[in-house]
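> First the structure, which I've put down as structure tokens, then a few questions once you've had a look.
No lab work stands behind these numbers, since they all come straight from the coordinates. Note that the coordinates shown come from a computational prediction; the quantities given were computed from them, not determined experimentally. A quick note on method: Cβ atoms are made from the backbone with ideal geometry, for glycine too, and the neighbour counts reach across all protein chains shown.
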Amino acid sequence: MDNSQEEENGREETSAVPAPEAPRAIVGIGASAGGLDALEQFFTHMPADTGMAFVLVTHMDPSQKGMLPELIQRVTAMPVTWAEDGTAVRPNAVYVKPANADLAILHGALNLLEPVATRVSRTPIDLFFRYLADDQNGKAVGIVLSGMGHDGAQGIRAIKERSGTVLVQEPSSAPYSSMPENAIGTGLADYVAPVAELPHLLVTYIRSADTIAREPAVPTRTVVDGLKKVFILIRTRTGQDFSMYKQSTIRRRVERRMGLHQLTRIEDYVRYLQENPQEINILAKELLIGVTRFFRDPEAWQALEEKAIRDLVRSAPEGSVIRVWVAGCSTGEEAYTMAIVLRECLNNLDRYGEIRYQIFATDLDPEAIEVARHGRYVASIAADVSSERLERYFVKEDEHYRIRQEIRESIVFAQQNVITAPPFIHLDILCCRNLLIYLSGELQEQLIPVFHYALKPGGVLFLGTAETIGGYGELFKTVDGRQKIFRRRETSAPAIDRINIPVAFTPQPAGTAGTHKRRPTAVDELAPRALLERFVPPAVIVNENGDILYIHGKTGKYLEPSPGRANLNIHAMVREGLGYPLIAALRSARQEKKEAVTEPVSVKTNGDFQKIRLTVAPLERPSGAEDLFLIAFEDLEETETKQAREASEGVRDDARCAELERDLTVTRAQLQSTIEEMQASQEEEKSMNEELQSMNEELQSTNEEMTTSKEELQSLNEELLTVNTELQAKIDELSMTTDDLQNLLRGTGIPMLFLDGNLRVRRFTRAATEIISLRSADLDRPVTDLAVSLRDEPLVEDVREVLDTLLPLEKQVQTIDGRWFQMRILPYRTASNQIDGVVVTFVEITRIKDLEQSLRNARTYAENIIETIREPLVVLDADLRVISANRSFYQTFRVTPGETEGVLLYALGSGQWDIPDLRRLLEDILPEKVQFEGFEMKHDFPEIGQKKMRLNARRIVSGTGPDLILLAIEDVTDRPGSETRVETAPK
């Protein structure tokens, strides 16, 4: 584009214009290596009138001036420009991120940021996607195309968190598949397709989303009923109940899935779910999306360390364990952040090793938990984690970072539904950030007391910046209201009275939200409870590992906590005398799948012994569920005092011996079982060792192959560097040629117009605006839409004629203001000799036309004078051919112009003018630059008889052509006394 267009742009920007129309969606497109071809394919298939705006973010060398806008402009009718600071994004336009700046967006306006220097690779695509998600919310669209590395994978997480849409190029169709594969690996891509199909998918989705968006904001009865059916289908297939989640969030994400399938009615989507069960799994995962990152809200983590964790570490006794629960941990970033903060605080206070910490991290999504357990994240986390922490707590693996083993061992990841499952208890810190915002108000009110119950006295509750404890100020004290850090209060009415564990929460009746009054107990509920407490012996429910899951009645006589770290395993808690019988009974019930009852055993209780009977019965569970066992403790006789037992000690020796024999029998059976299990374990270990040896050999072979591949890649890299250097030279040459061409176009000052095959404006010079009404914004507009100031000239028809015939066209045209131009229309030929439009040039010839008219007037003037002269006159050329003659000549010699003009003077009248002296005189006029006067001659003419004539000749000097001869003939036949006389003089 020439300077005139740039100036026109400046005039447009500074003029007062109304606020631009907002685009239907802002689409961020990320590409790297091989991305140019992908971008060209994308925009070739993307219509120019979708109402969307496109922002291209690529990896470019900051030291080079890119040509991406010019390259993309060749394949799209939309204007393609560099993104500038403060540019308002307009629909049907393409903006390209400059190479030397990062790109952000605020309220639909692009902003350029100075890149921050880091020791790791920059990820401008991730950065812009985050800004786009925050600014456009659910209207943001992210597209990841061909490229090397991982850029874009983290950014699409932010887009999905805001209910945006993600499209990814099919890796098999990408020259470099690393970026698309990493994006797909997140499990967040809505569409994965070849790049040529992405435009159609995007346009169809936006069209459907617009239709859904026109629905009323308040859901209708049909929508509410449809959502209930969706909840039923999800619960039936996955066991997850979303009916108590925040309805606005659920509805927005359901509508997004409907838009992806081009469905506008909720009942159609319910039918689609019934016919496609796999969509139920996808929707459930969509509803569980919880995007997080390391050290999210750094100020909040700093406040947590300074105002809560430091005090906790300082006051903890030596040998104690700090217990932490991270609820809704998603893919584990927040749990690992908590571990890093705790570790740093322990190190800073010199208490690492004196006390330990244990973190329980739970989430409902099993796939997210699996990612968290592996602790492997893409290298773009360097944008959130400092280089010191990366070096200390992470291990670099190719394009990923893995959490060090010492940090991973401090965290236990588990799948858990925080709504229905029992909470972890005796906690020092409970971190639940950005989970409550997805739950309904009623569910939030029921969870806060659960959190209070789970924390130790003085324990810390850490919520997200958009969450609050609501009306539970009596349960928690605010430590930092801005960063949502709270400390547990001790209340007279324990919070456990307000919750139901582990039964799932149920919604409160209408009108009771926010109240905490107990509902009166009915007789049909009171009676079973009283009977259970009075007639059912104390019992516990354990799993196959012996972990206690449920306690009924008073079990303190049989169980007691073990010293040290809290342990709810029954084998660690049973009192003296119950250990071996309990192990034998559990083994019997587990192996034989039936109830096992022990012989009476004596349990030591507070220095005394109590005879009891143990009953272990397996509980019926659904197929695939964990095995559970009911252990009941039944007293057989009253407790004997120590004194009474000593008095009757001799009498009971036999009974004591029998009891010892039973214990010995149980011990032997347990030892035999242990030996068998150990032998089986040894065989398994031997088999595993063989497999490991085989695997080690395979790994060695793989390592050798990788070494060879590395050498090949190094060689390939050198070749690529060479090719890159050559390409860079080509680009420099092309840039220079482009600069020369633009300077040539500006320097000629000739109006020039370049049109493509569809008669759309491709390029023009500033001078062309004087003939055709053109502005910089008219690029890609059809020339038929523009005003052409030519008088009676069908420019469009002439252009089409040239395109049809492929022959140049040249003609003189006049503008409305009276100027004349020589118009030439030539076919536009590409380097491959293809016709791709026309070139129209206008050369001004107004002065030439004026000169021609002056000459024409002068000739007419001269001809009129000659015509009025009575003597015959003849004009001859250098060859003495008659150019013209006046009327008197034709009348005198009785000839016609047709017989005279163009004929040699000597051939006139059958050679009657062929007089040697006359020939000599006439032939000398032009070379010798002379003239003659008074040449008299007599001649008999066939028609007029004998005539005596006096001839005068003179050279006529022409400024634009060859010189001519003017011959004047005077009839002196009747004049007496005339004589022949010749006078010559130089002229």
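> Would you pull out the residues with amide H under 5 Å of LEU439's amide H, same chain only if 5 or more places away, H placed 1.01 Å from N?
So LEU439 has HN proximity to LYS246.
> So, by mean Cβ neighbours within 10 angstrom, what's the order for 788-798, 538-548, 733-743 with the highest one leading?
Sorting 788-798, 538-548, 733-743 by mean packing, highest first, produces 538-548, 788-798, 733-743.
> Provide the net charge surrounding PRO23, with neighbours chosen by a C-beta distance below 9 Å and charges set as Lys +1, Arg +1, Asp -1, Glu -1.
Here the charged neighbours net out to +2.
> For region 193-206, in order, what is each residue's ³J(HN,Hα) by Karplus, 6.51 cos²θ - 1.76 cosθ + 1.60 with θ = phi - 60°, in whole Hz (x at glycine and Pro)?
Computed from phi, the couplings for region 193-206 are 7, x, 4, 5, 8, 4, x, 5, 4, 5, 4, 5, 5, 4 Hz.
> Please list, ordered by chain and number, the residues whose modelled amide H lies under 5 Å from the amide H of ILE105; skip anything fewer than 5 residues away on the same chain.
Result for ILE105 returns ASN111.
> Ok, one more. Check CYS329: other-chain or 5+ apart residues with amide H under 5 Å from its amide H, H built from backbone geometry?
THR362, ASP363
> Over what distance in Å are the Cα centres of region 807-850 and region 239-311 separated?
Between the Cα centres of region 807-850 and region 239-311 lies a distance of 63 Å.
> Sort LEU227, LEU132, LEU628, LEU713 so the one with the fewest other Cβ atoms within 10 Å of its own Cβ comes first.
LEU713, LEU628, LEU227, LEU132
> Calculate, in nm to one decimal, what GLU170 and ALA831 gain on full extension: separation in residues at 0.36 nm each, minus their alpha carbon distance.
Length difference between fully extended and current span is 234.7 nm.
> Net charge around ARG402, counting only other residues with Cβ within less than 15 Å of its Cβ (Lys, Arg = +1; Asp, Glu = -1)?
Local charge sum for ARG402: -1.
> Which of the aspartates and glutamates could a cross-linker bridge to LYS139, judged by Cα under 19 Å and excluding same-chain residues fewer than eight apart?
Of all the aspartates and glutamates, those that pass the test against LYS139 - Cα under 19 Å, at least 8 places apart if same chain - are GLU21, ASP49, ASP126, GLU161, ASP190, ASP210, GLU215, GLU255, GLU286.
> Along Cα→Cβ, 7 Å out, is where each label goes; now give me the distance between the ones at LYS811 and ARG356 in nm to one decimal.
Label-label distance for LYS811 and ARG356, simple model: 9.6 nm.
> Sticking with this structure for a sec: Taking the Cβ of ASP480 as the center, what net charge do the other residues with Cβ under 14 Å away carry, scoring Lys and Arg +1 and Asp and Glu -1? Show your work: numbers first, answer last.
Working: positive: LYS307, ARG310, ARG433, LYS477, ARG482, LYS484, ARG487; negative: ASP297, GLU299, GLU305, GLU306, ASP311, GLU467.
Here the count lands on +1.
> If the limit is 24 Å between Cα atoms, which of LYS307/LYS477; LYS229/LYS285; LYS396/LYS484; LYS456/LYS477; LYS554/LYS611; LYS456/LYS484 go over it?
Too far apart for the 24 Å limit: LYS396/LYS484.
> Straight distance only, please: which aspartates and glutamates reach the Cα of LYS594 with their own Cα at less than 17 Å, same-chain residues fewer than 8 apart left out?
Candidates past the 8-residue exclusion: GLU544, GLU620, GLU626, ASP627.
> Can I ask one more? Can you list the HN-Hα couplings for region 593-599, worked out from phi with the Karplus curve (6.51, -1.76, 1.60; θ = phi - 60°), rounded to whole Hz and with x for Gly and Pro?
In residue order, the calculated couplings are 6, 8, 5, 10, 10, 8, 5 Hz.
> Then there is this: Can you put SER248, SER208 in order, fewest other beta carbons within 10 Å first?
Ordered from fewest to most neighbouring Cβ atoms within 10 Å, SER248, SER208 come out as SER248, SER208.
> Please rank PHE842, PHE932, fewest neighbouring Cβ atoms within 10 Å first, as an exposure proxy. Walk me through the numbers before you get to the answer.
On the way: PHE842 24, PHE932 21.
Ordered from fewest to most neighbouring Cβ atoms within 10 Å, PHE842, PHE932 come out as PHE932, PHE842.
> Given a Förster distance of 22 Å, report the FRET efficiency between GLN700 and LYS396 from their Cβ-Cβ distance, rounded to the nearest 0.05.
Numbers: r = 23 Å, r/R0 = 1.04.
With a Förster radius of 22 Å, E is 0.45.
> Taking the Cα-to-Cβ direction at ASP297 and at GLN693 and moving 7 Å from each Cα, how far apart do the two end points lie in nm?
5.6 nm
> Could I have the simple spin-label model distance between GLU406 and GLU634, label points 7 Å from Cα toward Cβ, reported in nm to one decimal?
Using points 7 Å along Cα→Cβ, the separation is 5.5 nm.
> Using each residue's phi in region 273-282, evaluate 6.51 cos²θ - 1.76 cosθ + 1.60 at θ = phi - 60° and report the 3J(HN,Hα) Karplus result to the nearest Hz, with x for Gly and Pro.
Once rounded to whole Hz, the list reads 4, 5, 7, 10, x, 5, 5, 5, 5, 5.
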